[in-house]
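K.L.:
I have a structure here, written as structure tokens, and I will follow up with some questions on it.
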Amino acid sequence: MSVVFALATPPAKSAICIFRVTGRGCLSKIPELAGSPLEKNKKFYLRTIKNKSGDIVDRVGIISFKGPDSYTGEDSFEVYAHGGLGVMAMLVDVFKSLGFDEAPPGEFTKRAFLNNKISLAEAEAVVDLIDSHDQGGVVLSSNTLSGDFTEKVLGFSDTINNLRVRVEGEIDFSDEGESFFDSSLPNELSLLVENFKLFVGGCLNKKNHSAKNKVMFVGPVNSGKSSVFNRLLGFERALVSEKPGTTRDLVESEIFYNEASFSISDTAGLRETDDVVESKGMQFALEQLNSVDLVVGVFDSDEGSILDRFAELSNEKKYLKVYNKTDLGHVVREGVFDCMVSAKTGEGFDGLKKLISNAFKSDISGDYMYLVRDRHIGLFQSSINHLENALLKLSEDAGLELIAEDLKLARSDLNEIMGVKMSDSLLGDIFSSFCIGK
Amino acid sequence: MDKFDVVVVGGGHAGVEAAYAVYRSGLSCALVTFEKSKIGQMSCNPAIGGLGKSHIVREIDAMGGIMPIATDMSGIQYRTLNTRKGDAVQALRVQCDRDLYKKAIQKILNSTSINIFEEEVEDLIVEQKSVKGVLTKNKKIYGKKTILTTGTFLNGLMYIGSEVSSGGRVGDDSAIPLSKKLYDLKLPMGRLKTGTPARVKMSTLDLSVMEEQPGETPTPFMSLAGEVKQHQDQLSCFITRTNKTTHQIISDNTHLSAMYSGNISGIGPRYCPSIEDKVFKFGHKESHQIFIEPEGIGVDLVYPNGISTSLPKKVQEDFIHTIKGMEQCEITEFGYAVEYDFVDPRTNKKTLETKYFNDFYLAGQINGTTGYEEAAAQGLVAGLNAAQAIQKKPDFILQREEAYIGVLIDDLTTHGITEPYRMFTSRAEHRLLLSQNNAEQRLLSKAFKLGIIPEERNTTFVNKEKQYAEFVKTRLDKTKILSFINKEQQTVSLDEKRSISSILARPDVDENNLIELNKEEEIFFKRASTEIKYKGYIEKQTREINKNKKQNNKKIPPSINYKKISGLSNEVVEKLTKSQPETIGSASQIEGVTPAAINLILISIKKQELEKLNA
């Protein structure tokens, strides 16, 4: 089976991230990846990974597992890299440049099963995984779900197909006395390329988009911002203590919710202070406020003056008021807060996540705004390349069979995005559009 | 009692090729047919080749088959189609002398040890799910393997207007008892139809008002085996067209056509519509092309290709007489539609042995194809596999990326058919790898290993390949120049010396002005030029092919129950159950079968294997 890779740790900023790579022949690619082979199996080595242009991507730990003694039963290795999003993205590019493919959901487990590494019961779980709807996988936001995106991609696919029908007709039925295409074909093709590029330009990459979803937590000292922050992340990230003013730097992390990602930062609580370090932290936080998209105020009381002060701070940004510590049972005025939570018990967090994600919904409406994955951007690009190549070949008067090939490849990229094999009724389309047959 | 290794039923293009393959495999073979003198008969238009089809014939040629040789023994007009397009989609079409073609086939067969029986097969000898031979009126003919190639003769019915008669071809009976037998055996059967135009006396045509289409010169050969040295005299074809008056007569009488009467249930080919269909479906077209094909040297008969019909005789006469140059023509035989039985080809394994009965193979039109070439290819595959099986040798299966024959067999056995199946180059997703001109490079060594081509031919081929490699190395890779002439006939100077190969990759170069070549080198040069132009595409295709090779070759056990695989949609279950693909690769070809579905199937196969192990 082909070599595939996957990120084994969450796609979030953290201390380290781990990539797993498996498939026959993958070990022989290690020298190319990391400069030199690993002398021993199952031993941890420190290596530097460079990209194709020779720039250092990261200094990483690599360990190899020769099949069948590996999770999948095939030759495998793991790469332990630093956990920055940038590093992850660059590593993905490096793996791809070595000819590795991104593993579809459940792939590692599937291979493990096929190679007798795991039991039937475990395999049943894989079936569920594969069966889940992730395969289509286009959709990241409810906006793209609306079918509009699908419709647009299908539309392009149809246009490509119509052009190909004429080219293929001209190839297979050239002695039939029908004229399949004329000078309009190059024009139609170049119009398609233009429209298609415009559409792809309007597709937001998740990676770029995450930069837009900036959320910052503010609030009075010891209102539990960090606890709320950690609860939202699902693990301890910011240092939390009973002592007021524990958070001194901006702590940033990413969460994924509803398949959209948010960059969330926790700030030092705002109060008058003599502590130099803490006041620097606060100043920094105030500056950062300018670049965020959503401000979340976390409070532990409904005192009007404090609330007003933070409302002012948030300026004209979108602003959510959250009451923390519902577990303490204090009574608060109704309608003051957007959301009531308890960082301690987890109460109300589903609502908070929803509010945060809804706050960004309106940003990604608009005519040509679709949120797509890296993989899809790559496929779109590849499709465009094929179309441009077809156009070039047409202008060079190269063989029609090459133009047909490029059109076919352009369409199959779109098929892959949709995750379905679209019916290829090419011949049917030829017969219904042209009078064929002697 | 007669006993043979293989019994072939039918003397058409499939039967002949099957028998000849068995003979070349060194086994004994019986060929049973209605009428000896009709062996190798071309029942439709007298031409071999064309797009997708010449590709098949050249593949048959590379494996030492009979069709390409008979084509050259009888060819009276040769034309290469698509000369303005690239090598992969160029195709040779050969008009043949109908009578000479048949005689050529019979001559070749007579020089072999194949036993020809002039008998009607009435029944199959079936013992315990295995076919042991055939029963005719007078004889029992036993064979270790039986190959059925009955063409359109199974339950054939011919229609002209409201007239219906039994037969698979004018003047020939149809094979009714055998058809009944197949129904009795409960093979999945269906019905197809096709049609022919009227035949016309050449001497009664006014060819001077038609467009003449001469053959190309120098006249090429279909077969590269070098067996035929001398062509027949070459003739021209002619082109004329229908007109508004023709269409008026046809549309006024469409209701009288057998095909529109509702009597015919069979499905006809969309790429070969009757003239009624063309006028009805493409009403906006004012005229349709008619290709006048001569039937032979000194034969006063033509095949007017393009006006196949099942209208009543009087209407046929009327509309034909409106066509330019055909006003006074004399019709010798009227057009008719023929409807016949076929067996769902998904019944067959890729060896063309049926899945339901052992030692029983189906090849040719009985599998729902049309065309001499498609039939011959199946005959070759069935014959070779029968021979291989008898000798306990591995199956002979060509992959889709290896040959059009591989595409043909895979399409038939995996997808089945919805209309008479004809090959087109667009059916081959790896078309750029499969040129009619590289068939030998793809298949000759395989054929030699099977022992079905003479050693001498293999030696010639191997030497030629060596010469080619040497040519590329010395003349193209190592020869470097500083300037070349482009398509606008201007001299282009290069900043440094470059090899001829690298200049050939440029789109602007005028290849005719690049280097001096002798005749043999010209062929090499053309081949190299194509290989260089396709290089990027071919590398991409090859990567794709190799990527999933192991998984694609994984066999699916026949015992698999798709209904029991959770997660497969009902539609996919139904398609897979009907098709019973033999391998994962075939399954993934089926429409609607997603990569996720393939994963589920793989897991289920594994599960079965594990359960067996634990049982």
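The values are calculated or read from the model by the stated rules, or taken from the named source; none is laboratory data. Note that this is a predicted model, so its numbers are computed, not measured. Neighbour counts run over all protein chains shown; Cβ positions are idealised from the backbone, glycine included. Side chains are part of the model used for accessible areas, which takes the heavy atoms of the whole protein and leaves out ligands, DNA and RNA. Shrake-Rupley method; radii C 1.70, N 1.55, O 1.52, S 1.80 Å.
K.L.:
In region B:596-606, is there at least one residue being part of a helix (DSSP H, G or I), closer than 25 Å to B:VAL89 by Cα and over 34 Å from the mean Cα position of the chain (by Cα)?
P.N.:
no
K.L.:
Would you check which residues across region A:321-340 are closer than 13 Å to A:LYS225 by Cα and out of contact with any Phe, Trp or Tyr (no Cβ under 6 Å at 6 or more places or on another chain) and list them?
P.N.:
A:VAL322, A:ASN324, A:LYS325
Conditions tested, residue by residue: (1) within 15 Å of A:GLY99 (Cα to Cα); (2) among the basic types (Lys, Arg); (3) not in a strand (DSSP E or B).
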residue: A:SER28; (1), (2), (3): yes, no, yes
residue: A:ASN41; (1), (2), (3): no, no, yes
residue: A:ASP58; (1), (2), (3): no, no, no
residue: A:SER70; (1), (2), (3): no, no, yes
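K.L.:
Determine, yes or no, whether A:GLU74 is under 24 Å from B:LYS554 (Cβ atoms), in contact with a helix residue (DSSP H, G or I) (Cβ under 8 Å, 6 or more places away or on another chain) and open to solvent by 60 Å² or more (accessible area, probe 1.4 Å).
P.N.:
no
K.L.:
Does B:GLY75 satisfy the condition of being more than 26 Å from B:ALA439 (Cα to Cα), more than 14 Å from chain A (Cβ to nearest Cβ) and buried (at least 20 other Cβ atoms within 10 Å of the Cβ)?
P.N.:
Against the criterion (more than 26 Å from B:ALA439 (Cα to Cα), more than 14 Å from chain A (Cβ to nearest Cβ) and buried (at least 20 other Cβ atoms within 10 Å of the Cβ)), B:GLY75 does not qualify.
K.L.:
Continuing with the same structure: Across region B:406-425, what is the number of residues that are farther than 18 Å from B:PRO188 by Cα and either part of a loop (DSSP other than H, G, I, E, B) or under 10 Å from the mean Cα position of the chain (by Cα) (or both)?
P.N.:
4
K.L.:
Please work out if B:GLY40 is modelled with pLDDT of 95 or more, closer than 17 Å to B:GLU374 by Cα, open to solvent by less than 10 Å² (accessible area, probe 1.4 Å) and away from chain A (no Cβ under 12 Å).
P.N.:
Details: modelled with pLDDT of 95 or more: yes; closer than 17 Å to B:GLU374 by Cα: yes; open to solvent by less than 10 Å² (accessible area, probe 1.4 Å): yes; away from chain A (no Cβ under 12 Å): yes.
Yes; evaluated as a whole, the condition is true for this residue.
K.L.:
Enumerate the helices (runs of 4 or more DSSP H) found wholly within region B:1-113, keeping only those where 2 or more residues are in contact (Cβ under 8 Å) with a residue 60 or more places away in the chain and among the polar types (S, T, N, Q).
P.N.:
Correct list: B:67-74.
K.L.:
Next question, about the same structure. For region B:571-615, name all the residues that are among the basic types (Lys, Arg) and without any contact (Cβ under 8 Å) to a residue 40 or more places away in the chain.
P.N.:
First pass over region B:571-615, keeping only residues among the basic types (Lys, Arg): B:575, B:578, B:606-607, B:612.
Passing the criteria: B:LYS575, B:LYS606, B:LYS607, B:LYS612.
K.L.:
Under 6 Å between Cβ atoms, at least 6 apart or on separate chains: pull out the pairs that start in region B:232-247 with a residue that is over 20 Å from B:GLU317 (Cα atoms) and among the aliphatic types (A, V, I, L, M) and end on any residue that is at pLDDT 95 or above and open to solvent by less than 60 Å² (accessible area, probe 1.4 Å).
P.N.:
From residues that are over 20 Å from B:GLU317 (Cα atoms) and among the aliphatic types (A, V, I, L, M), the pairs are B:LEU235/B:ILE76; B:LEU235/B:GLN77; B:LEU235/B:PRO294.
K.L.:
Filter region A:1-35 down to the residues that are among the hydroxyl-bearing types (Ser, Thr, Tyr) and at pLDDT 90 or above, then identify the one that is most open to solvent (accessible area, probe 1.4 Å). Walk me through how you get there before you give the answer.
P.N.:
So the first thing to find is which residues in region A:1-35 are among the hydroxyl-bearing types (Ser, Thr, Tyr), and the list is A:2, A:9, A:14, A:22, A:28.
If we keep only those that are at pLDDT 90 or above as well, we get A:22, A:28.
Numbers: A:THR22: 0, A:SER28: 90 Å².
Out of the qualifying residues, it is A:SER28.
K.L.:
Moving on. Looking only at region B:244-253, count every residue that is away from chain A (no Cβ under 14 Å) and either surrounded by fewer than 17 Cβ atoms within 10 Å (Cβ to Cβ) or not β-branched (Val, Ile, Thr) (or both) and tell me the total.
P.N.:
Qualifying residue count for the region: 6.
K.L.:
Out of the residues in region B:288-304 meeting the condition of being surrounded by fewer than 22 Cβ atoms within 10 Å (Cβ to Cβ) and more than 12 Å from B:ILE76 (Cβ to Cβ), tell me which one is farthest from the other protein chains (Cβ to nearest Cβ).
P.N.:
Ranking the qualifying residues of region B:288-304, first place goes to B:ASP300.
K.L.:
Within region B:478-507, take every residue that is β-branched (Val, Ile, Thr) and closer than 16 Å to B:PHE525 by Cα and give me the one that is surrounded by the fewest Cβ atoms within 10 Å (Cβ to Cβ).
P.N.:
Restricting to residues being β-branched (Val, Ile, Thr) and closer than 16 Å to B:PHE525 by Cα, the top hit is B:THR479.
K.L.:
Within region A:370-393, take every residue that is in a strand (DSSP E or B) and farther than 17 Å from A:PRO104 by Cβ and give me the one that is modelled with the highest pLDDT. Let's see the steps before the verdict.
P.N.:
Taking region A:370-393 and keeping what is in a strand (DSSP E or B), we get A:370-372.
Then keep just the ones that are farther than 17 Å from A:PRO104 by Cβ; that gives A:370-371.
On the way: A:TYR370: 56, A:LEU371: 52.
Among those residues, the one meeting the criterion is A:TYR370.
To keep it simple, each residue is scored yes or no on (1) within 19 Å of the chain's Cα centre (by Cα); (2) not basic (Lys, Arg).
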site: B:GLU317; (1), (2): no, yes
site: B:ILE323; (1), (2): no, yes
site: B:TYR336; (1), (2): no, yes
site: B:VAL343; (1), (2): yes, yes
site: B:LYS349; (1), (2): yes, no
site: B:THR354; (1), (2): no, yes
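K.L.:
Of the residues B:TYR562, B:TYR537, only one is surrounded by 17 or more Cβ atoms within 10 Å (Cβ to Cβ) and at the interface with chain A (Cβ under 10 Å from one of its Cβ atoms); which? Walk me through it before giving the result.
P.N.:
Numbers: B:TYR562 fails: at the interface with chain A (Cβ under 10 Å from one of its Cβ atoms).
After ruling out the rest, the residue left standing is B:TYR537.
K.L.:
Restricting to region B:210-255, what's the tally of residues that are hydrophobic (A, V, I, L, M, F, W, C) and closer than 20 Å to B:ILE275 by Cβ?
P.N.:
6
K.L.:
To continue, here is another question. Residues being assigned to a helix (DSSP H, G or I) and either free of Cβ contacts under 8 Å to residues at least 12 places away in the same chain or open to solvent by 20 Å² or more (accessible area, probe 1.4 Å) (or both): count how many of those fall in region B:375-398.
P.N.:
Residues in region B:375-398 being assigned to a helix (DSSP H, G or I) and either free of Cβ contacts under 8 Å to residues at least 12 places away in the same chain or open to solvent by 20 Å² or more (accessible area, probe 1.4 Å) (or both): 2 in total.
K.L.:
Taking the stated definitions as given, is B:LYS313 touching a residue at least 60 places away in the same chain (Cβ under 8 Å), open to solvent by 10 Å² or more (accessible area, probe 1.4 Å), away from every other protein chain (no Cβ under 14 Å) and of a type in the set (Lys, Arg)?
P.N.:
yes
K.L.:
Hey, another quick one. Only residues that are touching a Leu at 6+ places or on another chain (Cβ under 7 Å), over 28 Å from B:CYS96 (Cα atoms) and outside any loop (DSSP other than H, G, I, E, B): list them for region B:286-324, please.
P.N.:
Answer for region B:286-324, where residues must be touching a Leu at 6+ places or on another chain (Cβ under 7 Å), over 28 Å from B:CYS96 (Cα atoms) and outside any loop (DSSP other than H, G, I, E, B): just B:VAL315.
K.L.:
Okay, moving on. Considering only region B:263-285, I want to know if a residue exists there that is touching a Pro at 6+ places or on another chain (Cβ under 8 Å), within 14 Å of chain A (Cβ to nearest Cβ) and in a strand (DSSP E or B).
P.N.:
Yes, because at least one residue in region B:263-285 is touching a Pro at 6+ places or on another chain (Cβ under 8 Å), within 14 Å of chain A (Cβ to nearest Cβ) and in a strand (DSSP E or B).
K.L.:
For region B:43-64, name all the residues that are closer than 17 Å to B:TYR78 by Cβ, away from every other protein chain (no Cβ under 14 Å) and charged (D, E, K, R).
P.N.:
Across region B:43-64, the qualifying residues are B:ARG58, B:ASP61.
K.L.:
In region A:396-438, which residues are open to solvent by less than 50 Å² (accessible area, probe 1.4 Å), at positive phi and either modelled with pLDDT of 85 or more or more than 30 Å from the chain's Cα centre (by Cα) (or both)?
P.N.:
Of everything in region A:396-438, just one residue is open to solvent by less than 50 Å² (accessible area, probe 1.4 Å), at positive phi and either modelled with pLDDT of 85 or more or more than 30 Å from the chain's Cα centre (by Cα) (or both), namely A:GLY437.
K.L.:
Among what's in region A:77-91 and is touching a residue at least 60 places away in the same chain (Cβ under 8 Å) and buried (at least 19 other Cβ atoms within 10 Å of the Cβ), pick the residue that is farthest from the other protein chains (Cβ to nearest Cβ).
P.N.:
Taking region A:77-91 first, the residues touching a residue at least 60 places away in the same chain (Cβ under 8 Å) are A:78-85, A:87-89, A:91.
After this cut, where a residue has to be buried (at least 19 other Cβ atoms within 10 Å of the Cβ) as well, the list is A:78-79, A:81, A:88, A:91.
Working: A:GLU78: 23, A:VAL79: 23, A:ALA81: 27, A:MET88: 25, A:LEU91: 22 Å.
Ranking the qualifying residues of region A:77-91, first place goes to A:ALA81.
K.L.:
Next question, about the same structure. Here are some residues: B:ASP123, B:ASP99, B:ASP87. Which one is within 14 Å of chain A (Cβ to nearest Cβ), surrounded by fewer than 21 Cβ atoms within 10 Å (Cβ to Cβ) and of a type in the set (Asp, Glu)?
P.N.:
Result of the check over B:ASP123, B:ASP99, B:ASP87: B:ASP87.
K.L.:
Moving to a separate point now. Would you confirm whether any residue within region B:127-141 is closer than 30 Å to A:ASP397 by Cα, of a type in the set (Ser, Thr, Tyr) and surrounded by fewer than 20 Cβ atoms within 10 Å (Cβ to Cβ)?
P.N.:
no
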